[in-house]
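J.: Just passing along the structure, written as structure tokens.
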Amino acid sequence: MRKRTLLASAIMAGGAVLTAAVAQEQLPTHLKELLELGMHPGHAYVDEGREMFHTPGPNGKSCATCHGQDGKKLEGAYAKMPRYYKDIGKVADIDTRILACMTKYMGYDKNDKKFMKKFKKWNGPYRVPLASYVASLSNGMRIDVKLDDPQEKELYKMGEKLWYMRVGARDFSCGICHTVLAGKRIRLQGLPDPVKNKVYAHWPAYRFGSDRMWTMEDRVRSCFKAYLLYTKQWSKKDWVKKPPPFSDWVIALELYMKHAANGATVEVPGLLR
Amino acid sequence: MRKFVLAGAFVGLGLLVACQPAAQKAEAPKAEKKKLSSKEKFKIALANQDKWQKACSNPTQLVPEGIDVETFKKEMLATVKFPEGGVVGKNIARGEKLFGDPKKGGKSRRGNCYACHCGDPKILACGNIGPSLRGYGKRGIDPKDTYIRIYNSWAQNPCSVMPRLGYHGVLKPEEIADIVAYMHDPNSPLNK
């Protein structure tokens with residue numbers, strides 16, 4: 001944790017450079033220097049995740065108890081996720097799978113609001129560091145999402161449908177920004193094509209614009225903010241900013257994009273502006 | 001009535017609550033108000049998709065075959081509400097702010113035109129999704145068409161990526177009229 005804060009402040013020290021660079025879509029020089037020193041800011045999250053992985057939970061079990069020292073048995077697992085898990089009876093992405101393991105097998109309580117808040121939190125000790133660490137155990141391996149299980153097939157279809165679904169007060173869809181307008185600029189931000197360009201290979205990613213690590217859950221949910229979704233009418237009161245975390249909507253879109261990334265080599269943590 | 005139910009809920013929960021930490025105790029009555037869960041809210045938000053959005057929700061994101069474009073436009077035009085004072089408003093300054101506040105680098109929460117269009121040459125952070133609106137007021141375009149474009153762009157170009165901001169109530173008719181005034185004003189930075 002301390003390491004992460006330290007790095008973050010090193011990065012913020014170059015804040016002025018950073019702002020300028022964001023507009024030019026290139027790495028700020030001080031970040032380049034960090035990289036040359038072999039200090040990718042995302043690696044602090046991976047290190048923290050490794051530590052947590054070997055830390056016992058309330059019932060005395062750690063992730064390593066079941067998944068092996070240094071996550072031996074999870075090598076390559078992330079390259080095949082999201083997928084269906086029999087023990088929880090559903091398709092899970094990395095965030096959801098970790099939550100399930102912690103609450104089902106380690107004694108953490110799903111109904112403990114304090115724990116859940118800490119789990120969901122962006123800069124919390126569990127979700128993002130553990131996801132970064134587990135994902136890194138698949139580095140160098142090819143993404144290979146299969147759609148064997150009926151639930152996987154169904155969710156994939158839902159993801160594809162959601163990708164093109166025009167909805168909300170701005171009539172947006174993922175496809176508007178990322179398929180139709182890919183390559184264009186929304187204000188100063190270039191619009192990537194996550195499907196064609198198999199971007200999933202570099203997620204979770206450290207985004208220096210926001211100075212933190214994001215999992216794909218975070219990315220997908222944040223993109224929904226642009227839609228101006230609403231329940232009754234568009235106004236502050238009825239505004240629906242994001243789908244809930246760990247929900248099928250999010251996992252469906254992840255499955256859709258990860259399947260599109262099949263064949264690409266996992267290289268995480270990614271580094272984005 | 002609600003108070004009564006709440007009180008009942010309190011008594012019912014009393015036993016449980018007694019064993020819980022203070023933070024959760026405070027949460028208990030809130031849950032009884034039948035607030036929609038975030039899941040329910042999101043579900044409703046998606047279910048609010050209208051039939052025209054649905055028609056555009058295909059891989060091309062354009063009007064699909066089998067749907068008549070002219071009928072589509074007519075139906076969209078029928079949704080346009082005009083302000084009492086006419087399509088050219090009086091508050092040009094407000095129009096500018098809604099278009100994109102120069103004091104905030106061209107940002108505006110609701111109009112947000114600079115996300116997709118360039119216009120005022122001073123605003124450099126502008127997108128290239130729609131055509132530049134530089135000199136827009138000098139093109140001899142009927143302000144009524146500008147108004148319709150902003151109120152419901154699909155009346156002119158069905159399934160366009162330009163949001164139907166008036167149709168969805170993000171911008172009120174009077175506010176759109178002020179944007180039109182700003183765009184057609186010869187002294188507007190767009191036109192100088």
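J.: Residues that are part of a loop (DSSP other than H, G, I, E, B), of a type in the set (A, V, I, L, M) and at negative phi: does the range A:101-124 have at least one?
T.: Filtering the range A:101-124 down to residues part of a loop (DSSP other than H, G, I, E, B) leaves A:106-112, A:121-124.
Going one step further and asking which of them are of a type in the set (A, V, I, L, M), we end up with A:106.
Restricting the remaining residues to those that are at negative phi gives A:106.
Taking every residue of the range A:101-124 in turn, at least one turns out to be part of a loop (DSSP other than H, G, I, E, B), of a type in the set (A, V, I, L, M) and at negative phi.
J.: Using the structure shown, decide if A:Val128 is away from chain B (no Cβ under 14 Å), in a loop (DSSP other than H, G, I, E, B) and touching a helix residue (DSSP H, G or I) at 6+ places or on another chain (Cβ under 7 Å).
T.: no
J.: Grab the helices (runs of 4 or more DSSP H) fully contained in the range B:43-135, keeping just those with 1 or more residues being away from chain A (no Cβ under 12 Å) and over 20 Å from B:Trp154 (Cβ atoms). Working first, answer last.
T.: Numbers: elements: B:51-56, B:69-77, B:92-100.
Those helices (runs of 4 or more DSSP H) span B:92-100.
J.: Does any residue in the range B:107-118 that is without any contact (Cβ under 8 Å) to a residue 24 or more places away in the chain and small (Gly, Ala, Ser) come within less than 6 Å, Cβ to Cβ, of a residue that is part of a loop (DSSP other than H, G, I, E, B) and open to solvent by less than 40 Å² (accessible area, probe 1.4 Å) six or more places away or on a different chain, and which pairs are these?
T.: Qualifying pairs under 6 Å: B:Ala115/A:Arg187; B:Ala115/B:Gly127.
J.: Within the group A:Gly71, A:Gly76, which residue is open to solvent by less than 20 Å² (accessible area, probe 1.4 Å), outside any loop (DSSP other than H, G, I, E, B) and modelled with pLDDT of 95 or more?
T.: That would be A:Gly71, the only listed residue that is open to solvent by less than 20 Å² (accessible area, probe 1.4 Å), outside any loop (DSSP other than H, G, I, E, B) and modelled with pLDDT of 95 or more.
J.: Looking only at residues that are at the interface with chain B (Cβ under 8 Å from one of its Cβ atoms) and in a strand (DSSP E or B) in the range A:175-193, which one is farthest from A:Cys223 (Cα to Cα)? Lay out the reasoning, then the answer.
T.: Start the filter on the range A:175-193 by keeping residues that are at the interface with chain B (Cβ under 8 Å from one of its Cβ atoms), which leaves A:175-176, A:179-181, A:184-188.
Narrowing further to those that are in a strand (DSSP E or B): A:185-186.
On the way: A:Arg185: 15, A:Ile186: 13 Å.
Once the filter is applied, the top-ranked residue is A:Arg185.
J.: Going through the range A:142-162 one residue at a time, which ones are assigned to a loop (DSSP other than H, G, I, E, B) and open to solvent by less than 50 Å² (accessible area, probe 1.4 Å)?
T.: A:Ile143, A:Val145, A:Leu147, A:Asp149, listed by residue number.
J.: For the range A:230-248: of the residues being open to solvent by less than 60 Å² (accessible area, probe 1.4 Å) and under 22 Å from the mean Cα position of the chain (by Cα), which is farthest from B:Pro163 (Cα to Cα)?
T.: Among residues in the range A:230-248 that are open to solvent by less than 60 Å² (accessible area, probe 1.4 Å) and under 22 Å from the mean Cα position of the chain (by Cα), the one farthest from B:Pro163 (Cα to Cα) is A:Phe246.
Yes or no, residue by residue, for (1) farther than 19 Å from B:Leu190 by Cα; (2) open to solvent by 20 Å² or more (accessible area, probe 1.4 Å):
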{"residue": "B:Cys56", "(1), (2)": "yes, no"}
{"residue": "B:Val63", "(1), (2)": "yes, yes"}
{"residue": "B:Ile67", "(1), (2)": "yes, yes"}
{"residue": "B:Ala78", "(1), (2)": "yes, yes"}
{"residue": "B:Glu84", "(1), (2)": "yes, yes"}
{"residue": "B:Lys97", "(1), (2)": "no, yes"}
{"residue": "B:Lys104", "(1), (2)": "no, yes"}
{"residue": "B:Tyr114", "(1), (2)": "no, no"}
{"residue": "B:Cys118", "(1), (2)": "no, yes"}
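J.: Please indicate, with yes or no, whether at least one residue in the range B:10-31 is modelled with pLDDT of 50 or more and surrounded by 15 or more Cβ atoms within 10 Å (Cβ to Cβ).
T.: no
J.: Restricting to the range B:136-175, name every residue that is more than 14 Å from chain A (Cβ to nearest Cβ), more than 18 Å from B:Asp120 (Cα to Cα) and open to solvent by less than 10 Å² (accessible area, probe 1.4 Å).
T.: Residue satisfying the conditions is B:Tyr147 alone.
J.: With the condition kept exactly as written, say whether any residue in the range A:261-272 is in the same structural domain as A:Tyr156 (by TED's automatic domain parsing), in a helix (DSSP H, G or I) and at pLDDT 95 or above.
T.: No, every residue in the range A:261-272 fails to be in the same structural domain as A:Tyr156 (by TED's automatic domain parsing), in a helix (DSSP H, G or I) and at pLDDT 95 or above.
J.: Please go through the range A:220-270 and give me each residue that is charged (D, E, K, R), over 19 Å from A:Asp171 (Cβ atoms) and within 14 Å of chain B (Cβ to nearest Cβ), ordered by number.
T.: Once the filter is applied, which keeps residues that are charged (D, E, K, R), over 19 Å from A:Asp171 (Cβ atoms) and within 14 Å of chain B (Cβ to nearest Cβ), the range A:220-270 yields A:Arg221, A:Lys236, A:Lys237, A:Asp248.
The values are calculated or read from the model by the stated rules, or taken from the named source; none is laboratory data. On a predicted model such as this, the values are computed, not experimentally measured, just so you know. All Cβ positions, glycine included, derive from the backbone under ideal geometry; neighbour counts span all protein chains shown. With ligands, DNA and RNA removed, areas are computed over all heavy atoms of the protein, side chains included. Shrake-Rupley method; radii C 1.70, N 1.55, O 1.52, S 1.80 Å.
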